[in-house]
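The values are calculated or read from the model by the stated rules, or taken from the named source; none is laboratory data. Here the structure is a predicted model, which is why all the values come from computation and not from measurement. Heads up, the Cβs are rebuilt from the backbone with ideal geometry, glycines too, and the neighbour counts pull from every protein chain shown. Note: accessible area is taken over every heavy atom of the protein model, side chains too, but ligands, DNA and RNA are not part of it. Shrake-Rupley method; radii C 1.70, N 1.55, O 1.52, S 1.80 Å.
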Amino acid sequence: MRALSAMVLAAAFGVGLMAQGAELKVGDPAPNFKLQATDGKTYQLSDFKGKKPVVVAWFPKAFTQGCTIECKSLAANGDKIRKFDVAYFMASVDPLDGEQGNKAFAETHKADFPLLSDPTKETAKAYGVLNERGMANRWTFYIDKNGRISYIEKAVKPATSAEDMIAKLGELSVSKSQ
């Protein structure tokens with residue numbers, strides 16, 4: 001009887017994990033978020049609906065090698081990204097403030113775009129990026145102006161992340177800024 005109970009529990013637990021880990025795909029509505037950013041503002045995805053596309057580049061941890069390279073790439077190419085009528089962010093589950101927080105990270109690497117902080121990890125879970133180490137996977141979500149996911153990049157290359165983002169915005173026919 002004990003073995004049967006254990007099997008039922010394991011099966012129920014497994015089903016719960018599968019339901020919780022449901023992956024987003026192209027065409028799905030992007031989960032709304034309301035997150036604080038390094039520029040002192042709070043951003044909500046729904047504020048952009050009907051106005052402009054949004055790119056959210058999730059990264060694992062501030063001040064680590066790959067994340068530093070990615071942040072520098074986006075900062076160095078911000079003028080090219082801003083040629084598109086798009087709101088773009090980097091996002092992590094790091095805290096906003098503190099020595100290792102996103103605000104310090106953005107200032108150190110001269111990010112000219114907002115970094116979003118999701119310390120509760122709720123948004124990371126909703127996007128399916130939270131990994132077993134409690135950090136976000138390095139995935140970039142392209143969300144159209146209707147709030148639907150138009151592309152998910154799961155093989156982000158930190159060194160060319162900006163160039164790759166620019167190319168993808170062109171492929172997705174995102175309008176140029178006026």
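Evaluated against (1) under 15 Å from the mean Cα position of the chain (by Cα); (2) in a loop (DSSP other than H, G, I, E, B); (3) at pLDDT 90 or above, V55 falls short on exactly one condition, (2).
Name the residues in the range 61-84 that are buried (at least 17 other Cβ atoms within 10 Å of the Cβ) and modelled with pLDDT of 90 or more, would you? If the condition is that a residue be buried (at least 17 other Cβ atoms within 10 Å of the Cβ) and modelled with pLDDT of 90 or more, then I81, F84 are the ones that fit.
In the range 145-168, the residue that is modelled with the lowest pLDDT out of those that are open to solvent by less than 50 Å² (accessible area, probe 1.4 Å) and assigned to a loop (DSSP other than H, G, I, E, B) is V156. Screening the range 169-178 for residues that are closer than 13 Å to K52 by Cβ and outside any loop (DSSP other than H, G, I, E, B) and picking the one that is nearest to the chain's Cα centre (by Cα) gives L169. Any chance the range 42-50 includes a residue that's surrounded by 17 or more Cβ atoms within 10 Å (Cβ to Cβ) and touching a helix residue (DSSP H, G or I) at 6+ places or on another chain (Cβ under 8 Å)? No, the conditions are met nowhere in the range 42-50.
Only one of the numbered conditions (1) under 18 Å from C71 (Cβ atoms); (2) crowded, with 22+ Cβ neighbours inside 10 Å is violated by M135, and that is (2).
Taking the conditions exactly as written (closer than 15 Å to W58 by Cβ and aromatic (F, W, Y)), does F84 satisfy them or not? No. For the range 87-101, which residues satisfy the criterion of being in a loop (DSSP other than H, G, I, E, B) and either under 13 Å from the mean Cα position of the chain (by Cα) or at pLDDT 95 or above (or both)? Listed by number, the residues that qualify are V93, D94. Filtering the range 104-158 to residues that are of a type in the set (D, E) and within 25 Å of K52 (Cβ to Cβ) leaves D112, D118, E122, D144, E153.
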